[in-house]
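Shown next, in structure tokens, is the structure this report addresses.
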Amino acid sequence: MVQSHHANTRKAAELQKLRQKLVAGSVLAGVVLIGAFPQPLRAMGLDGIVTVLAHPFMLFALTVPVQFWAGSQFYQGLWLLFRYRTADMNTLIAIGTLAAFGYSVVATFAPQLFTRGGLQPDLYYDTAAVIIVLILLGRYLEARAKAGTGEAIRKLMGLQARTARVLRNGVAQDIPIADVLVDDLLVVRTGEKIPVDGVIVEGSGSIDESMVTGESMPVEKGVHAAVVGATVNRSGLFTMRATKVGRDTVLQQIIRMVQEAQGSKAPIQRLADRVSSVFVPIVFAVAIMTFGVWWAFGPAPALTYALLNTVAVLIIACPCALGLATPTAVMVGVGRGAERGVLIKDAEALELLQKIQIIVLDKTGTLTQGRPVVTDVQGVHDAQLPAIAALAQRSTHPLAQAVAAHGAPIPTAAPVVQEFMEIAGKGIRGRVDARMLRLGNAALFMADGIAVGDWEERARAFAEYGKTPLYVGVDDGVVGIIAVADTLKPTSRDAIVALRKLGLSVIMVTGDHAVTAQAIARELSIDRVLAEVKPEEKAAKIAELKATGARVAMVGDGINDAPALAAADVGIAMGTGTDVAMESAGITLMRGDLMAIVEAIQLSRATLRHIVQNLFWAFGYNVILIPVAAGVLFPFTGTLLNPMLAAGAMAFSSVSVVVNSLRLKRVRLT
């Protein structure tokens with residue numbers, strides 16, 4: 001954890017430094033831009049300011065810190081070129097901006113090299129500064145999104161209990177969680193977090209394990225049952241023996257799995273880098289050829305013409321719109337997604353999503369509502385429901401609360417409950433209007449000497465479909481069954497059909513028994529099910545699928561899903577789930593609607609199409625003008641590259657990129 005803290009601190013420091021460079025660079029580049037295009041200031045009668053800002057020495061002084069401080073990170077591209085004979089987007093940025101800056105420096109301090117040949121020395125300080133700032137903006141937005149990856153680890157750590165009530169020498173005392181030892185006896189009361197992993201040795205409880213397993217239904221546990229640290233004892237009182245403490249607990253294992261999965265993700269290879277790796281060598285070849293031809297065959301002064309046209313090739317090869325090509329499309333795509341409740345963490349997740357071949361859906365909270373509701377009522381008359389609901393209302397157990405919510409809408413005065421008693425792991429009983437009511441499992445009725453009779457077969461049928469049957473008793477008999485289950489979301493079935501139409505293979509993963517899982521899969525028309533998967537096994541299942549060579553997306557909402565979300569090529573978290581799941585995922589669906597997954601994939605594919613189009617606009621005009629910069633028109637027309645034409649090409653390509661990106665706002669989503 002110390003290493004993780006240092007990594008997070010380092011990332012925060014890097015982000016702060018990048019922010020400083022962006023802010024300072026933006027201010028300086030803005031002033032340079034005003035000095036390069038002073039017409040608005042002249043129109044305002046500010047000739048004095050224009051004289052200062054437009055002076056070549058002032059433009060040089062303002063551009064130096066932008067070029068060599070704010071843009072220093074781009075020189076790594078030159079190192080790649082010279083050290084490994086390869087190139088990326090940084091190489092192109094460094095070469096183009098240095099060429100523009102270097103040409104401008106010569107034009108500033110030695111203008112006679114141009115004027116003696118009858119040429120006008122033009123300045124490109126604004127080009128160098130603006131390109132650096134635009135690309136820094138894209139880098140900053142990406143870095144800011146990634147800086148929060150350590151938040152998931154911190155929130156996981158926050159789930160652990162701070163203290164534990166330990167029995168030592170027959171005396172109960174509260175001690176820090178770090179002081180708990182293996183084989184210590186711990187007392188856990190109603191509403192308390194279980195401090196560490198262990199085994200119940202006395203008593204029983206209804207354990208809410210949703211924060212670890214993702215399953216919304218509480219688990220009734222008694223003597224010899226294993227319990228997991230950070231889960232909550234909803235009702236009951238028990239004594240447990242600690243079996244795993246510190247780094248060995250399930251929670252700490254999940255934390256390590258998230259760390260490893262996040263650290264194993266390789267940086268995505270940007271499309272611009274791939275284009276640059278081919279484009280840069282071509283530009284160098286053209287620049288060298290230009291210099292050689294003009295030096296050998298050009299008019300006097302041949303060296304001046306050779307240098308001028310070589311630099312022109314390098315300048316025009318660095319398109320200003322390159323800095324806008326990816327960030328603008330990503331920003332518009334992210335904004336469009338936000339409007340639809342799809343929050344995209346970074347460009348990496350957005351780009352990878354369109355390559356997904358397999359999508360794995362967690363059941364609870366993803367395909368289902370994530371909370372128990374009453375699905376069936378058999379044998380119980382409507383007139384009896386208010387009394388049963390009043391009894392259930394006295395309990396904090398999720399199953400009882402589901403029954404209470406089901407009976408609450410009935411318009412009648414709430415009955416008075418007397419002699420209420422809750423038996424952990426069995427159910428509840430109480431007297432309403434002089435009649436003894438019971439609600440619970442078969443163990444409750446057996447303990448009271450009441451046979452469930454023929455209702456047992458119906459209860460078994462409900463259980464086979466993933467429902468929890470609760471027997472309803474009046475006085476000394478069983479009158480019916482209320483079935484409670486975590487129901488499917490309304491859009492789950494339609495979303496799966498839509499995902500298949502997009503060409504994806506859909507898999508459901510759950511910790512449920514295979515029979516229950518298959519029943520739900522049939523209802524949703526899901527062909528492949530991974531059932532009885534333990535929380536710690538989910539990430540391994542994702543790894544197995546990735547090992548086949550397929551791109552895998554994982555959709556989940558629980559803490560137990562966090563390692564799998566981080567291990568997948570793209571993690572998609574339901575916004576209705578836990579913060580840890582959302583922090584571990586690249587995409588969060590705030591609507592809790594599975595159709596948002598379909599929209600996210602459609603948006604990813606549309607955004608990538610626009611990025612490719614943007615790269616064409618970013619490179620297109622400049623590629624066309626490279627031969628002009630090299631001087632191919634000079635033998636026929638006697639003209640070289642007009643600086644205004646170069647500026648116009650850059651401006652037009654930038655406008656084209658922005659307009660094309662804005663088209664994403666109108667893209668049609670399901």
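The values are calculated or read from the model by the stated rules, or taken from the named source; none is laboratory data. Model, not experiment: these values are computed from the prediction. Reconstructed Cβ throughout: ideal geometry from the backbone, glycine too, with neighbour counts over all protein chains shown. Areas reflect the complete protein model, heavy atoms only, side chains present, ligands, DNA and RNA absent. Shrake-Rupley method; radii C 1.70, N 1.55, O 1.52, S 1.80 Å.
Some observations on this one:
- Answer residue from region 483-526, given it is of a type in the set (Asp, Glu) and buried (at least 19 other Cβ atoms within 10 Å of the Cβ) and is farthest from Leu251 (Cα to Cα) among those: Asp486
- Restricting attention to region 463-478 and to residues that are touching a Ser or Thr at 6+ places or on another chain (Cβ under 9 Å) and either assigned to a loop (DSSP other than H, G, I, E, B) or over 14 Å from Ile520 (Cβ atoms) (or both), the residue that is most open to solvent (accessible area, probe 1.4 Å) turns out to be Tyr465.
- Residue check for Tyr125: under 18 Å from Leu641 (Cα atoms) and either surrounded by fewer than 18 Cβ atoms within 10 Å (Cβ to Cβ) or modelled with pLDDT of 80 or more (or both): yes
- Sole exception among (1) within 23 Å of Ala539 (Cβ to Cβ); (2) surrounded by fewer than 22 Cβ atoms within 10 Å (Cβ to Cβ); (3) modelled with pLDDT of 90 or more for Arg189, by number: (1)
- Considering residues of region 23-39 that are under 20 Å from Thr108 (Cα atoms) and open to solvent by 50 Å² or more (accessible area, probe 1.4 Å) only, the residue modelled with the lowest pLDDT: Phe37
- Filter result for Phe101 (modelled with pLDDT of 85 or more, assigned to a helix (DSSP H, G or I) and open to solvent by 30 Å² or more (accessible area, probe 1.4 Å)): no
- Thr588, sole failed condition from (1) polar (S, T, N, Q); (2) open to solvent by 60 Å² or more (accessible area, probe 1.4 Å); (3) not in a helix (DSSP H, G or I): (2)
- Residues in region 615-641 that are open to solvent by less than 80 Å² (accessible area, probe 1.4 Å) and either modelled with pLDDT under 80 or not in a helix (DSSP H, G or I) (or both): 14 in all.
- Options Ile520, Ile507, Ile572: the member that is under 19 Å from Gly333 (Cβ atoms) and touching a residue at least 24 places away in the same chain (Cβ under 8 Å): Ile572
- Some residue of region 326-338 being aliphatic (A, V, I, L, M), in contact (Cβ under 8 Å) with a residue 24 or more places away in the chain, part of a helix (DSSP H, G or I) and open to solvent by 30 Å² or more (accessible area, probe 1.4 Å): yes
- Top-ranked residue of region 429-462 - restricted to ones that are aliphatic (A, V, I, L, M) and over 25 Å from Thr516 (Cβ atoms), ranked as surrounded by the fewest Cβ atoms within 10 Å (Cβ to Cβ): Ala434
- Failed condition for Ala306, given (1) farther than 30 Å from Ala630 by Cα; (2) surrounded by fewer than 22 Cβ atoms within 10 Å (Cβ to Cβ): (1)
- Here Val529 does not qualify as open to solvent by less than 40 Å² (accessible area, probe 1.4 Å), closer than 23 Å to Gln602 by Cβ, modelled with pLDDT of 85 or more and in a strand (DSSP E or B).
- Output for region 418-428, where each listed residue is buried (at least 19 other Cβ atoms within 10 Å of the Cβ) and on the phi < 0 side of the Ramachandran plot: Glu422, Ala424, Lys426, Ile428
- Condition check for Ser604 on (1) of a type in the set (Ser, Thr, Tyr); (2) open to solvent by 10 Å² or more (accessible area, probe 1.4 Å); (3) at pLDDT below 90: one failure, at (2).
- Note on region 368-411: among residues that are part of a strand (DSSP E or B) and of a type in the set (A, V, I, L, M, F, W, C), the one that is surrounded by the fewest Cβ atoms within 10 Å (Cβ to Cβ) is Val373.
- Enumeration of residues in region 40-58 that are under 46 Å from the mean Cα position of the chain (by Cα) and either open to solvent by 50 Å² or more (accessible area, probe 1.4 Å) or of a type in the set (D, E, K, R) (or both): Pro40, Met58
- Given (1) more than 32 Å from the chain's Cα centre (by Cα); (2) surrounded by fewer than 24 Cβ atoms within 10 Å (Cβ to Cβ); (3) of a type in the set (A, V, I, L, M), number of the condition Ile316 does not satisfy: (2)
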